[in-house]
Protein chains: 2
Amino acid sequence: MKTTLVLNWFANPYHTPLYVAKALGFFDDCGLDLAILQPANPSDVTQIVGTQKADFGLKAMIHCYAARERGYPIKSFGTLLDEPPTGLLFLQESGIKEFKDLKGKRIGFVGEFGKIIFDDLAKRAGIAPSDYEMVRVGMHAVDAIARGRVDAAMGIACFQQVELESRCGPTDLLRVDELAGLGCCCFCSVLLIAHENFIASDPDRVHALMQGLQRGMAYTQESPDEAFEIMCDHNPHLRDDAFKKVFVSCLPYFSRRLENVERDWNKVGKYAQHLGVSKEADPSACYTNAFVPEPHVRHAALPS
Amino acid sequence: MKTTLVLNWFANPYHTPLYVAKALGFFDDCGLDLAILQPANPSDVTQIVGTQKADFGLKAMIHCYAARERGYPIKSFGTLLDEPPTGLLFLQESGIKEFKDLKGKRIGFVGEFGKIIFDDLAKRAGIAPSDYEMVRVGMHAVDAIARGRVDAAMGIACFQQVELESRCGPTDLLRVDELAGLGCCCFCSVLLIAHENFIASDPDRVHALMQGLQRGMAYTQESPDEAFEIMCDHNPHLRDDAFKKVFVSCLPYFSRRLENVERDWNKVGKYAQHLGVSKEADPSACYTNAFVPEPHVRHAALPS
């Protein structure tokens, strides 16, 4: 039986631990025949997982709160990427220096929540909705900035900012965690999710996914060059200097223990409430650490 | 007033966050005039800090347990490097494949505890002390292996192994956490330490160190190339391909939150007890997370 996992994005360097685990047979070793799927539209993922059209997915905390509010009872059981800084990204040549400089500009966003977040920040800054234009760019913020379709766009420091800087020159990032006073950059942590019924009824497959991923994560952290080579073998479009630099930039954010962080869930819960995307700010139904694996041991210990 | 901090090793890539914080004035901003000192002998550090000849130091968990046992009441208040895999390192051309192959070999170790750990592993493997030779190599395992002084030596995967591989060719590592059945590779986490009286009487300086280091850590993780450039400006011997590769390999292990991890302290406590270096396996006196800082916010949030 195939088990499906829908990524949150096209295959990119921060997915390396998953591809490594697949390529090196770590999921197979756990009895999991995992099919990794890339979404054409990242906004589809919570609904696909929330209606059990796919077994597993990747998504951020705010999406979990919002999905549950809308009757899609998804739950996170682990973290892939921990607190990558996220914000409004632009080229320095744009002349933008601070948030108020975004007045009159075209702003790229990924999906629904990026727009809600920007609208909230603009309102706080006293910029009227008629004073900026929102452009839905999906997963293509770098391309949209490079081609002049937008002046700034939401992106991640260790991914889109590094890629844009490699391709087009100096950039800056106005961080959402700082603009919104979140007090942590957990806002864009990339989490492993499933429908709560799937987790309850098939815990063995959740365990298997986490065990295999734990080995893929350890391999990626311990042998980064080899891991990225494997990633590029399966995604040849990543085999260039810009994406290699993105990969190195992502290394500090990979979650070695794969744990959900309570502090971060609490902060994002309050933020989701403030944004009006969730009435519930209590994260206890949103995540579990029951599947966080012990480190994989490759060799039997010597007798004690 | 100068505040002194004694490193656990000669200045190397995993000290980058400290040097960045110093170079960019992050400690100064916190009112801390920090003098970073490199030890000639890493085995001196706990005694220097444990007798308050220096204010702060870097050291591993096992050293804290052992120091307290010997009447040097040092305490950790944070983590710099989290769980770098550590073990017996050697060139593949040595023909060594598994632990029993170390019979008849010359084994390099850093200081007292490395020898205790190896002797314990050898005993478990049924290798008599007369069947191997221990050579104290201090901080120079790579040089000792490269020059044929030893056949294998204790080292860290993301440091000595990467350096040796860059300089001399393919290597392997038999990990202590796996050989000893520790179930985590916390054994060599690099911690911030001070005398417990210093922490109690001068908490402001501990806070200042952690605040400044938190910014240096964020800078290192968010701008790794620039951070390593700063590190090399202050330590020009690091400006080569091998140490750049070491730096990239250390990125996954930098502790962003700087927290001490209870699970790891418990495991190392039991291990220290097993090795006979500490009667006490309870870590509660050994560390505190009271000084773990909130993330540094560079810009005021927009009004909510």
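Things to note:
- Any hit, region B:199-206, residues being farther than 24 Å from B:HIS63 by Cα, surrounded by fewer than 20 Cβ atoms within 10 Å (Cβ to Cβ) and not basic (Lys, Arg): yes
- Checklist (1) away from chain A (no Cβ under 12 Å); (2) farther than 22 Å from B:ASP29 by Cβ applied to B:PHE198, failing item: (2)
- Which numbered condition B:PRO170 misses (of (1) under 19 Å from B:LEU238 (Cα atoms); (2) in contact with a helix residue (DSSP H, G or I) (Cβ under 7 Å, 6 or more places away or on another chain); (3) within 14 Å of another protein chain (Cβ to nearest Cβ)): (1)
Per-residue answers, yes or no, for (1) more than 30 Å from B:VAL292 (Cα to Cα); (2) modelled with pLDDT under 95; (3) outside the structural domain of B:SER76 (by TED's automatic domain parsing):
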position: B:ALA153; (1), (2), (3): yes, no, yes
position: B:PRO170; (1), (2), (3): yes, no, yes
position: B:GLN221; (1), (2), (3): no, no, no
position: B:HIS234; (1), (2), (3): no, yes, no
position: B:ASP241; (1), (2), (3): yes, no, no
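- Residue that is farthest from the chain's Cα centre (by Cα) [pool: residues in region B:138-167 that are hydrophobic (A, V, I, L, M, F, W, C) and within 14 Å of another protein chain (Cβ to nearest Cβ)]: B:VAL162
- Pairs where the first residue, in region B:116-129, is more than 16 Å from B:VAL277 (Cβ to Cβ) and the second is in a helix (DSSP H, G or I) and among the aromatic types (Phe, Trp, Tyr), C-beta under 8 Å, 6+ apart: B:ALA125/B:PHE99
- Answer residue from region A:153-167, given it is in contact with a strand residue (DSSP E or B) (Cβ under 6 Å, 6 or more places away or on another chain) and farther than 18 Å from A:CYS188 by Cα and is surrounded by the most Cβ atoms within 10 Å (Cβ to Cβ) among those: A:LEU164
- Residue selected from region B:59-113 under the condition within 15 Å of the chain's Cα centre (by Cα) and among the polar types (S, T, N, Q), by the criterion modelled with the lowest pLDDT: B:THR86
- Hits in region A:139-187 (condition: more than 18 Å from A:PHE243 (Cα to Cα) and assigned to a strand (DSSP E or B)): A:ALA152, A:ALA153, A:MET154, A:ASP172, A:LEU173, A:LEU174, A:ARG175
- No other residue among A:GLY155, A:GLY71 is closer than 24 Å to A:LEU5 by Cα and without any contact (Cβ under 8 Å) to a residue 24 or more places away in the chain apart from A:GLY71.
- Set A:LEU209, A:LEU192: member being out of contact with any Pro (no Cβ under 7 Å at 6 or more places or on another chain), in the same structural domain as A:VAL6 (by TED's automatic domain parsing), closer than 27 Å to A:GLY87 by Cβ and touching a residue at least 40 places away in the same chain (Cβ under 8 Å): A:LEU192
- Matching residues in region B:225-237 - criterion: being buried (at least 23 other Cβ atoms within 10 Å of the Cβ) and either more than 12 Å from every other protein chain (Cβ to nearest Cβ) or under 30 Å from B:VAL176 (Cα atoms) (or both): B:PHE228, B:MET231
- Residue ID - farthest from B:GLU69 (Cα to Cα), chosen from residues in region B:259-272 that are surrounded by fewer than 16 Cβ atoms within 10 Å (Cβ to Cβ) and within 12 Å of chain A (Cβ to nearest Cβ): B:GLU259
- Qualifying residue in region B:12-27 (condition: surrounded by fewer than 16 Cβ atoms within 10 Å (Cβ to Cβ), at negative phi and in contact (Cβ under 8 Å) with a residue 24 or more places away in the chain): no
- Residues in region A:245-304 that are assigned to a loop (DSSP other than H, G, I, E, B), free of Cβ contacts under 8 Å to residues at least 12 places away in the same chain and farther than 23 Å from B:ASP82 by Cβ: 4 in all.
- Considering each residue of region B:207-224 in turn, none proves to be of a type in the set (Asp, Glu) and surrounded by fewer than 20 Cβ atoms within 10 Å (Cβ to Cβ).
- Considering region A:278-304, and only residues there that are of a type in the set (Gly, Ala, Ser) and out of contact with any Asp or Glu (no Cβ under 6 Å at 6 or more places or on another chain), the residue that is farthest from the other protein chains (Cβ to nearest Cβ) turns out to be A:ALA285.
- Taking region B:11-38 as the range and being under 22 Å from the mean Cα position of the chain (by Cα) and either assigned to a loop (DSSP other than H, G, I, E, B) or acidic (Asp, Glu) (or both) as the test, the residues that pass are B:ALA11, B:ASN12, B:GLN38.
- If you check A:SER304, A:SER284, A:SER278, A:SER255 for being crowded, with 19+ Cβ neighbours inside 10 Å, of a type in the set (S, T, N, Q) and more than 17 Å from A:MET217 (Cβ to Cβ), only one passes: A:SER278.
The values are calculated or read from the model by the stated rules, or taken from the named source; none is laboratory data. The structure displayed is predicted, hence computed values, not measured ones. A quick note on method: Cβ atoms are made from the backbone with ideal geometry, for glycine too, and the neighbour counts reach across all protein chains shown.
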